[in-house]
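Presented below is the structure to which this report refers.
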Amino acid sequence: MAAERVPGAGAAGRVVRRPPGRKAQILAAAAEQFHRRGYHLVSMADVAAEVGITAPALYRHFRSKPELLLRAVDTDLQALRTAVRAGAGSPADLCAALAPAAVDHRALGTLWHRDARLLAPAQRAALRRELRTDVRAMARTLARSRPELSAEQAEFLCWSLLSGYGSLSYHTFAPPRRWFETLLRRIGGELLAVAPRAGDRTGPPAPPAVQPAAPAAGESRREELLLAAVRLFHERGFDNVSTDRIGAAVGIAGPSVYKHFATKAELLAAALVRSRERLWHEVEGAIADSTGPAGALDAGLRSYLDFARRHSHYLGAMLSETERLDPADRRAAVDFRRDFLRVWVGLLQQVRPDYDTAEARIRVHAMFAVVNDGVRHRPGGSGTAAAGLLEPAARAVLGLPAASPSGTGKELVDG
């Protein structure tokens, strides 16, 4: 057991013994802090205070905050790898092993999709290679039970499983652990049992999206900046995107951006407002034009899938950059998330009255994650595997049967 000096205990300092597992404590505290507040808003002193040590003592374990982020992400991925190996016997074993790991490492979803973008490219590439190796191992386990799946389809479902379990990052509630793990195993089993839609690239036709009116000539540059900014913020992160880069994306000099937005933060806020408006306009419109809860849920899901395919950057930026907003804008974004979630939870409970609010919320969060990741990050997300599996996977995590061939939604509920 190593020792460290405690300041303020005399000229020489008082030597104390560090408790075992200090590094593990630091990494757990860092992961939680990064998850809740975002990497850029957390200092080494914040992490040290959470553990109950001084900042100099923390630096004896980790030389920098980037190193701490790298190790925190890698630690959670190692836990995932351990679970994958433990569940190698069957898909049921895989879900049984991954469910408790997902509960114990709830920060991994936000760490991976939001904060790990800030790692050095070589570091992130190495982590991604390791994760892909784990997914291939999961896919081999699934393929032994489902030989009818292609390798790409099996991998797609396994990526979807990780996305659904990773959605726990966005939960703020903690139901009883045994109940939680049982539900996750059930959702995972339903997801890994999904059958692809034969010969169908996009599933039932989505309701036609209502396109926003073309901007007036004086507004077109502002609209171009909003579109470029939301794409760049999603891909690179707010702090890694300069106004010069945003201006170059639309063919103007960086300082000219300030003719339209006073600050980069204002541009981010406006871009996320526009993203929320378009999402709500399309999805709420599809729900409102439908008949009955089952029809509304079916239409809403198809509309969300269509929006996600066309505007993946909007969804990505809404998820990853909200913490970079000023407090008032952040509250508005969080309020939108809650209201949007409430609509889906209410619809799902009407269609599936056997779900309590906790289960409905968990399933809706999982559906959003499966769709959002499916169109943004996943290998094959725009290929044949996603073509036949994305919509069925989204329905599976909601606990809904596959859509009818006609796509009317009338067969969604038994009885």
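So here's what we get for this one:
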item: Accessible area expressed per residue, segment 274-397, with surrounding protein chains retained (probe 1.4 Å, Å²); result: 35 Å²
item: Gyration tensor (Cα) of segment 129-176, equivalent ellipsoid semi-axes in angstrom; result: 25, 12, 8
item: Accessible-area ranking of SER290, SER303, largest first, probe 1.4 Å; result: SER290, SER303
item: Residues in segment 105-137 reached by a label modelled at ARG81 [backbone nitrogen below 12 Å; 7 Å Cα→Cβ]; result: 126-135
item: Binned Cα-Cα distance frequencies in segment 260-373 - 5 Å width, integer %; result: 2, 12, 20, 23, 19, 13, 7, 3, 1, 0, 0
item: Full-extension gain in nm, ARG310 to TYR59, via 0.36 nm per residue minus C-alpha separation; result: 85.9 nm
item: Computed E for ALA151/ASP244 - FRET, C-beta separation, R0 51 angstrom, nearest 0.05; result: 0.75
item: Projected label distance in nm at ARG140 and SER220, using a 7 Å step from Cα toward the beta-carbon; result: 5.6 nm
item: Net charge of neighbours whose Cβ lies under 15 Å from the Cβ of LEU118, counting Lys and Arg as +1 and Asp and Glu as -1; result: +2
item: Computed FRET value (nearest 0.05) for ASP354 with ALA328, which takes r as the C-beta separation and R₀ as 41 Å; result: 0.55
item: Inter-label distance for ALA122 and GLU266, nm, one decimal - labels placed 7 Å from Cα along Cα-to-Cβ; result: 4.1 nm
item: 10 Å beta-carbon shell around ARG236, net charge (K/R +1, D/E -1); result: +1
item: FRET efficiency for TYR258 and GLU235, using Cβ-Cβ distance with R0 set to 22 Å, rounded to 0.05; result: 0.50
item: Contour excess over end-to-end distance, with Cα ends at GLU277 and THR172 and 0.36 nm allotted per residue; result: 35.4 nm
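The values are calculated or read from the model by the stated rules, or taken from the named source; none is laboratory data. The model shown is predicted, which means the values in this text are computed figures rather than measured ones. Positions of Cβ are backbone-derived with ideal geometry, glycine not excepted, and every protein chain shown enters the neighbour counts. Calculation scope for accessible area: heavy atoms of the full protein, side chains included, ligands and nucleic acids excluded. Shrake-Rupley method; radii C 1.70, N 1.55, O 1.52, S 1.80 Å.
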